[in-house]
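Chemist: Provided herewith is a single structure, encoded as structure tokens, for subsequent inquiry.
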Amino acid sequence: MGQTVLEMTGIKKSFSGFYALDGIDFSLELGEVHALLGENGAGKSTLIKVLGGIYQPDCGTIRIEGREVKVRNVTEARGNGIGIIHQEIVLVPYLTVAQNLFLGREIIKHGTVDMAETNRRATEMIASLGVNIRADAMVEDLTIAQQQMVEIVKAVSFDGRIIVMDEPTSSLSNEEVEQLFEIIARLKEKKVSIIYISHRMEELFCISDRVTVIRDGAYVGTRKTSETNANELVAMMVGRDLESFYARDFKDLSEAETAMEVKDLTCEGTFEHISFCVRKGEILGFAGLVGAGRSEIMESIFGARPYQSGEVVLNGKKVSFENPMQAIKAGIALVPEDRKKQGLVLGNSVAFNLTLASLRFYMNGIAISEKKKKTVIDSYFEKLRIKAASSEIEAGSLSGGNQQKVVLGKWLATKPDVLILDEPTRGVDVNAKFELYSVINELAKEGIAIIMVSSELPEIINMCDNVCVVREGRLTGFLSKDELSQEEIMKYAAGGVEA
Amino acid sequence: MNQKNSKAVGTANPFVAVFKNNIGILGVLVIICAVVTFSTDKFLTASNIISVLRQISINTYIALGMTLIIILGHIDLSVGAIVAMSGTLTVGFIVNQGMPMGVAIVGGLVLGVLAGFIDGFIVSTFRVPAFIITMAMMNICNGIAYVYTGGQSTRINDDFFAAIGMGYLFNVIPLPVVYMVILILLISFVLGRTKFGTYVYAIGGNREAARLSGVPIKKIEIIVFTLCGLLSAFAGLVLCSRMYSGQPSVGDGYELDAIAACVLGGTSMSGGKGRISGTVIGAMVIGVISNGLNLIGVSSYWQSIVKGLIIACAVLLDSQKDRLALLKKKR
């Protein structure tokens, strides 16, 4: 190694006066996997879009194999050997794999598409990466992971020597991640260089050679993966020491009352024999891989998804909810994982969203009292430090962090005893994260029992009193504060240890 | 600080709010009125204005229900057929079956409620597109009206029945206009000030978020479709009373006029957005166009074309409003 394939220096990019990238340096060596790490809003995607020709940088240079290039559009990026695999799959679902691979460069014979030749060449391309997918399969019939592999094959087939993977594992199961890693290894053998974007620390340590961290559009540093550790990288990402970032005042919970107990909850095929209890003032973490069934468990407790057996005991009373309305009245709140799809009515105002789940508190006979609503809206604006011009602007126009605060506020307004947070900081920038953590800490101090489902191990480790680990719909581990570490959690989450 | 905030909520003056929210379509209404006024001096007379209001009242009843349905993110194509079914059967119940008038009227309204309820029940329970199921209901209700009457018009000579649609309040204001005002106030209150109304917006804006927020989606959807059926049946009753007869073709095209009124008034076809005030003004625009073209003496065949063009232009203008506002901001 040692030969530099790509060198980006002093890249700046501003949007209406605000610098999304403020002088980033990045270099990539031949055949290396270089991880690009940063919180949401740090500028990872912007940097990649500059490389892919979607954005033009304000200044800075891009050198590929030593020669300076200008990448003005996607075709030029391809011409320079750059292939980008976006988070969202961009294949046509109702065409075959082969048709997708040759989309826009069809093999023509006698004025029509030569399907036999297309399939033959596609099969070759797929086989060369050791992928097991039929060239004549319909893309819609493939799993997400397989579709992603098709994307990779496609990127390489354009003579891609620099492949960028943007959060490639975000929707993959454990096995699929393994497959992806095998392909990455094969690409390395072929001297393809890879920029790997992910915020999953454990993956980076698995496959990357070097890690570059960026924060708020600025370059923070580059480390050899073998010479760093997760704590150092997280501290680089958030720009403060971890103690003050995850502001949690732990206290002794041995005297605390049980708020909710779940016994043997089962929904066949999704999760089985789930039992745990959460006390007042406790933050109980739920760790595990995506698709392990954590969100489904929470939705079942909340009455948003049916389950077959088991029971939920809330404040000493056995309860069973047929719909979320009953759960809300009983004192459970669920901040769902996808705030845009499940959390907010984006086209309506912040005020509308903040009060939607708690309208029953503001009634004056059959009419809603604007005055009562206003009091609540104002108090949550202040308490959660929501940054918006007014409560009447559309929720969809707020930043991710402020949207998340609105969702949280909506649920706090229902005055819950048990607050379930599903991925509370997903897609939120560092500062908003910091504020959300301090709010969550306050809530725990007030005695609310909090369940926090999260895929971000640092926040699980630093915020939670106890952690349940879920794998394939079963509880595989229960760890208390002093047993918590990334390795320990992953051991239970990824298998290898039987509970 | 607090006072300043409460003003921003817009509770200050409902008339100002109506004006501000509907500035686009109000502009269209003013322009059309101006054009008609210049073309004929028969337009701007008290008797003509009252007659325009009476003409739009039937469409407005239906459009009020349709607004709720469209905000929910659905559509109801069966309203015109419900108008015909309920209207002709009510008249038929009195004339052919000899039922007491009160019973016949209630019977007609119940038919509309039933049709709406079935629409709503199927849409919310089986998640079938409302477009399809209400289209089926349209055929069924139309069919019932034709089967019952054998395609013939049924005449009714009853002063009290005629008074429902032809009577006046204080000898000046036609009763249909009185009903219209009452219904507008009622539905505005329900949509703007109650939990039910808030939930209608929430379901149309983001169904999943509404569900997780404890909104009883199925119940709300059934109520809205049922309400729309009731309003359509009521429209049928008033319409037949005004015509002294029950004709099975009486409701033709009413669904499209109602949808046009909603869309002109800024109700989003994708759900979640819409205002009663907008719909009412939209219905006025349609009413003034028809009335104006009649006064000017445009043949009814041409009227259809002109009406279509004006509606298309108005909607196009309205859809570009956001873009225009954005352009201004950029500058």
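Read-outs: derived from the displayed coordinates by stated rules, not from any lab. In this text the structure is predicted, and so the values were computed from the model without any measurement. Note: ideal-geometry Cβ built from the backbone for every residue, glycine included; neighbour counts use all protein chains shown.
Chemist: Along the charge dipole of the stretch A:192-295, Cβ charges K/R +1 and D/E -1, which of A:ILE283, A:MET260, A:MET236 sits furthest on the positive end?
Modeler: A:MET236
Chemist: How far is it, in nm, from the label point at A:ASP264 to the one at B:LEU309 when both lie 7 Å from their Cα along the line to the Cβ?
Modeler: Distance between label points: 7.6 nm.
Chemist: Starting at the first residue of the stretch A:156-164, write each ³J(HN,Hα) from the Karplus equation 6.51 cos²θ - 1.76 cosθ + 1.60 with θ = phi - 60°, in whole Hz, x for Gly and Pro.
Modeler: Ordered by residue, 3J(HN,Hα) equals 5, 5, 8, 6, x, 10, 10, 10, 9 Hz.
Chemist: Just flag the trypsin sites (Lys or Arg not before Pro) in the stretch A:1-79 sitting in loop per DSSP whose Cβ has no more than 15 other Cβ atoms within 10 Å.
Modeler: Values: sites: A:LYS12, A:LYS13, A:LYS44, A:LYS49, A:ARG63, A:ARG67, A:LYS70, A:ARG72, A:ARG78; in loops: A:LYS70, A:ARG72.
Counting only loop positions with at most 15 other Cβ atoms within 10 Å, the trypsin sites (Lys or Arg not before Pro) in the stretch A:1-79 are A:LYS70, A:ARG72.
Chemist: How far apart, in nm, are the 7 Å Cα→Cβ label points at A:ILE393 and A:GLU124?
Modeler: It works out to 5.6 nm between the two label points.
Chemist: Compare the Cα positions of B:PHE43, B:ALA163, B:ILE122 along the charge dipole of the stretch B:22-319 (+1 at Cβ of Lys, Arg; -1 at Cβ of Asp, Glu; about the Cα centre) and return the one farthest towards the positive end.
Modeler: Farthest towards the positive pole: B:ILE122.
Chemist: Any chance you could tell me what percent of the C-alpha pair distances in the stretch A:345-414 go past 19 Å? Kindly include the intermediate steps, with their values, before the conclusion.
Modeler: Values: 587 of 2415 pairs.
Above the 19 Å cut-off, the stretch A:345-414 has 24 percent of its Cα pairs.
Chemist: Continuing with the same structure: What is the diffusion coefficient of the protein assembly as shown in µm²/s, taking the Kirkwood radius over Cα pairs and the Stokes-Einstein relation at 4 °C with a viscosity of 1.567 mPa s?
Modeler: In µm²/s, the coefficient rounds to 42.
Chemist: Treating the Cα atoms of the stretch A:4-240 as identical point scatterers in vacuum, please give the log10 of the normalised Debye intensity I(q)/I(0) at q = 0.16 Å⁻¹, two decimals.
Modeler: The calculated log intensity ratios at q = 0.16 Å⁻¹ are -1.15.
Chemist: I've got another one for you. Determine the gain in length on full extension of the stretch A:GLU106-A:LYS190; use 0.36 nm per residue of separation and subtract their C-alpha separation, reporting nm with one decimal.
Modeler: Computed gain between A:GLU106 and A:LYS190 is 27.7 nm.
Chemist: Quick one: A:ILE451, A:ILE184, A:ILE440, fewest Cβ neighbours within 10 Å first, how do they rank?
Modeler: Ranking A:ILE451, A:ILE184, A:ILE440 by Cβ neighbours within 10 Å, fewest first, gives A:ILE184, A:ILE440, A:ILE451.
Chemist: I need to check one value: relative contact order of the stretch A:4-240, counting alpha carbon pairs closer than 8 Å and at least 6 residues apart, in percent.
Modeler: In percent, rounded to a whole number, it is 29.
Chemist: For each of A:MET363, A:MET463, B:MET66, count neighbouring Cβ atoms within 10 Å of the residue's Cβ, then give the residues from fewest to most.
Modeler: Sorted ascending by nearby Cβ count, the order is A:MET363, A:MET463, B:MET66.
Chemist: If the limit is 23 Å between Cα atoms, which of A:LYS251/A:LYS481; A:LYS318/A:LYS410; A:LYS340/A:LYS410; A:LYS224/A:LYS481; A:LYS373/A:LYS410; A:LYS317/A:LYS410 go over it?
Modeler: Exceeds cut-off: A:LYS318/A:LYS410; A:LYS224/A:LYS481; A:LYS317/A:LYS410.
Chemist: Okay, moving on. Note down the relative contact order for chain A as a percent, whole number, built from C-alpha pairs under 8 angstrom at least six residues apart.
Modeler: 15 percent
Chemist: How big is the gap, in Å, between the Cα center of the stretch B:237-286 and the Cα center of the stretch A:212-264?
Modeler: Value for the Cα centre distance between the two parts: 58 Å.
Chemist: Can you work out the Karplus-derived ³J(HN,Hα) for every residue in the stretch A:288-300? Use 6.51 cos²θ - 1.76 cosθ + 1.60 with θ = phi - 60°, whole Hz, and x for glycine or proline.
Modeler: Once θ is set to phi - 60°, the couplings for the stretch A:288-300 become x, 7, 4, x, 6, x, 5, 4, 5, 4, 5, 5, 5 Hz.
Chemist: Please compute the modelled spin-label separation between B:PHE189 and A:ASP249, points set 7 Å along Cα→Cβ, answer in nm with one decimal.
Modeler: Simple spin-label model gives 4.9 nm for this pair.
Chemist: Another question, then. Convert each backbone phi in the stretch A:223-232 into a coupling constant with the Karplus relation 6.51 cos²θ - 1.76 cosθ + 1.60 (shift: θ = phi - 60°), then list the ³J(HN,Hα) values in order as whole Hz, x for Gly and Pro.
Modeler: Working through the residues one at a time gives 10, 6, 4, 6, 10, 10, 9, 4, 4, 4 Hz.
Chemist: Which residue fluctuates the most in chain B, going by a Gaussian network model with Cα springs under 10 Å, if the choices are B:THR45, B:THR90, B:THR226?
Modeler: For chain B, modelled as a Gaussian network with Cα springs under 10 Å, the answer is B:THR45.
Chemist: Check each of the GluC sites (Glu not before Pro) in the stretch A:56-143 and keep only those in coil by DSSP with at most 16 other C-beta atoms within 10 angstrom; list them in order.
Modeler: Counting only loop positions with at most 16 other Cβ atoms within 10 Å, the GluC sites (Glu not before Pro) in the stretch A:56-143 are A:GLU65, A:GLU88, A:GLU106.
Chemist: By DSSP, what percent of the beta bridges with both residues in the stretch A:340-493 are antiparallel, rounded to the nearest 5?
Modeler: Of those bridges, close to 65 percent are antiparallel.
Chemist: Where is the GNM fluctuation largest for chain B (alpha-carbon springs, 10 angstrom cutoff): B:MET269, B:MET180, B:MET243?
Modeler: Top of the fluctuation ranking is B:MET243.
Chemist: For the stretch A:421-499, what is the percent of antiparallel DSSP beta bridges, rounded to the nearest 5?
Modeler: Taking every DSSP beta bridge within the stretch A:421-499, about 75 percent pair in antiparallel fashion.
Chemist: Taking a ≥ b ≥ c as the square roots of the eigenvalues of the Cα gyration tensor of the stretch B:1-140, is the shape rounded (a/c under 1.5), prolate (a/b larger than b/c) or oblate?
Modeler: It comes out oblate by the Cα gyration axes.
Chemist: Can you give the charge dipole size of the stretch B:22-319 about its Cα centre, rounded to the nearest 20 debye, using +1 on the beta carbon of Lys and Arg and -1 on the beta carbon of Asp and Glu?
Modeler: For this selection, approximately 540 debye.
Chemist: While we're on this one: Quick check on the protein assembly as shown: of the DSSP beta bridges with both residues there, what percent are antiparallel, nearest 5%?
Modeler: Of the beta bridges lying entirely in the protein assembly as shown, close to 60 percent run antiparallel.
Chemist: If you don't mind, another one. Pick from B:GLY151, B:GLY229, B:GLY65 the residue whose mean-square fluctuation is largest in a GNM of chain B, springs joining Cα atoms under 10 Å.
Modeler: Fluctuation is largest for B:GLY151.
Chemist: Then there is this: Given the stretch B:22-319 reduced to its alpha-carbon atoms as identical point scatterers, what log10 I(q)/I(0) does the Debye formula return at q = 0.13 Å⁻¹?
Modeler: Log-scaled intensity ratios, in q order: -0.91.
Chemist: What is the average number of partner chain Cβ atoms found within 10 Å of a Cβ in A:357-363?
Modeler: 3
Chemist: Within 10 Å of each candidate Cβ there may be at most 11 other Cβ atoms; applying that plus a DSSP loop requirement, which GluC sites (Glu not before Pro) in the stretch A:402-499 survive?
Modeler: Qualifying residues, ordered by number: A:GLU446, A:GLU498.
Chemist: Right, next: What is the calculated FRET efficiency for B:ILE23 to A:ASP141, with r their C-beta to C-beta distance and R₀ = 41 Å, to the nearest 0.05? Before the final figure, lay out the partial values.
Modeler: Working: r = 51 Å, r/R0 = 1.24.
FRET efficiency, B:ILE23 to A:ASP141: 0.20.
Chemist: Run down the lysines and flag those whose C-alpha is under 19 Å from the C-alpha of A:LYS13, throwing out any fewer than 8 positions away in its chain.
Modeler: A:LYS44, A:LYS49, A:LYS70
Chemist: Also, I was wondering about something else. Subtract the Cα-Cα distance of A:TYR19 and A:ALA235 from 0.36 nm times their separation in residues, and report this length gain in nm to one decimal.
Modeler: 75.5 nm
Chemist: Once you have the Cα-Cα distance between A:PHE361 and A:GLN3, take 0.36 nm times their residue separation minus that, and quote the gain in nm to one decimal.
Modeler: Length gained, A:PHE361 through A:GLN3: 122.3 nm.
Chemist: I've got another one for you. As a footprinting exposure proxy, order B:ARG275, B:ARG155 by other Cβ within 10 Å, with the fewest listed first.
Modeler: With the fewest neighbours first, B:ARG275, B:ARG155 line up as B:ARG155, B:ARG275.
Chemist: Give the value in nm², to one decimal: projected area of the alpha carbon convex hull of the stretch B:20-93, averaged over all directions.
Modeler: If I average the Cα hull's projected area over directions, I get 7.5 nm².
Chemist: For a Förster distance of 41 Å, can you work out the FRET efficiency between the beta-carbons of A:SER309 and B:ASN139, rounded to the nearest 0.05?
Modeler: 0.35
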